[in-house]
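See structure below.
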Amino acid sequence: MAFSDLTLTRNNIDALEELTFKGVNVTTGTTTLNLSEKDNLILGKAIKLLKTDILENLREYINDSTYATETALLDAIYAADSEELLVDLLSYKFLELWFSQDATHKESYSFQKAGKYYAMYIQYLTGNLRRLSGLLAKPKTTPRVRFMSMY
């Protein structure tokens, strides 16, 4: 399966925010999660940001040619993910973006929720990528040589 197959379902959102979205079931427009007519725009942005964060954190796999392209690396990460860790990360990023669009001031409920999901996203991004990268081929890094002076 390819990284491009990564998406969310309403169940992924309801697992985290069931009470917030209780009774919300939009079926018009280009909805993906039935949250609004254009929730697919936020989902698309969340996928792009997750992709960028993964590539930034695992850049050494591309730099040393362990994986020939960014797409190959992303597909390898997606294939190694048997516990849906990437879906969890995408859920956190989606909810962060969802709530941040309504955050007008620091005391607002939306601002607090966006901050909560941002913190969860950053925490789980580091841990989950460390775990998933352990399932990939090791980077072809060469050890640094240290020259010592004879003075």
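The values are calculated or read from the model by the stated rules, or taken from the named source; none is laboratory data. What you see is a predicted model, and the numbers here were worked out from it, not measured in a lab. Here Cβ is always computed from backbone atoms with ideal geometry, including for glycine, and neighbour counts include all displayed protein chains. For accessibility, only protein heavy atoms count, side chains too; no ligands or nucleic acids. Shrake-Rupley method; radii C 1.70, N 1.55, O 1.52, S 1.80 Å.
For segment 18-46, residues that are at pLDDT 90 or above and open to solvent by less than 40 Å² (accessible area, probe 1.4 Å) total 4.
Say we look at segment 59-81 and pick out the residues that are in contact with a Lys or Arg (Cβ under 8 Å, 6 or more places away or on another chain) and open to solvent by less than 40 Å² (accessible area, probe 1.4 Å); which of these is modelled with the highest pLDDT? Even if it seems obvious, please write down each step before you answer.
The initial filter retains those residues of segment 59-81 that are in contact with a Lys or Arg (Cβ under 8 Å, 6 or more places away or on another chain), namely 64-66, 74.
With open to solvent by less than 40 Å² (accessible area, probe 1.4 Å) added as a condition, the list becomes 64, 66, 74.
Values: 64: 76, 66: 81, 74: 93.
In this case the residue turns out to be 74.
Counting just the residues of segment 86-141 that are of a type in the set (S, T, N, Q) and under 13 Å from the mean Cα position of the chain (by Cα), which one comes out most open to solvent (accessible area, probe 1.4 Å)? So the residue we want is 123.
Based on this model, can you work out whether residue 14 counts as closer than 21 Å to residue 86 by Cα and either loosely packed, with under 13 Cβ neighbours inside 10 Å or of a type in the set (A, V, I, L, M, F, W, C) (or both)?
Criteria not met by residue 14.
Look at residue 72 and say whether it is free of Cβ contacts under 8 Å to residues at least 40 places away in the same chain and assigned to a helix (DSSP H, G or I). Against the criterion (free of Cβ contacts under 8 Å to residues at least 40 places away in the same chain and assigned to a helix (DSSP H, G or I)), residue 72 qualifies.
When 20, 7, 27 are checked against the criterion of being under 28 Å from residue 75 (Cα atoms) and assigned to a loop (DSSP other than H, G, I, E, B), 7 stands alone in meeting it.
On the stretch given as segment 36-70, residues that are of a type outside the set (D, E, K, R), over 24 Å from residue 20 (Cα atoms) and out of contact with any helix residue (DSSP H, G or I) (no Cβ under 7 Å at 6 or more places or on another chain) total 6. Is it the case that segment 48-58 has a residue that's touching a residue at least 60 places away in the same chain (Cβ under 8 Å), open to solvent by 40 Å² or more (accessible area, probe 1.4 Å), of a type outside the set (Val, Ile, Thr) and part of a loop (DSSP other than H, G, I, E, B)? No, every residue in segment 48-58 fails to be touching a residue at least 60 places away in the same chain (Cβ under 8 Å), open to solvent by 40 Å² or more (accessible area, probe 1.4 Å), of a type outside the set (Val, Ile, Thr) and part of a loop (DSSP other than H, G, I, E, B).
Report yes if some residue within segment 92-115 is at pLDDT 90 or above, farther than 26 Å from residue 23 by Cβ and in a helix (DSSP H, G or I); otherwise report no. No, segment 92-115 contains no residue that is at pLDDT 90 or above, farther than 26 Å from residue 23 by Cβ and in a helix (DSSP H, G or I). Whether a residue is at positive phi and not β-branched (Val, Ile, Thr) was assessed, and residue 44 does not pass this test.
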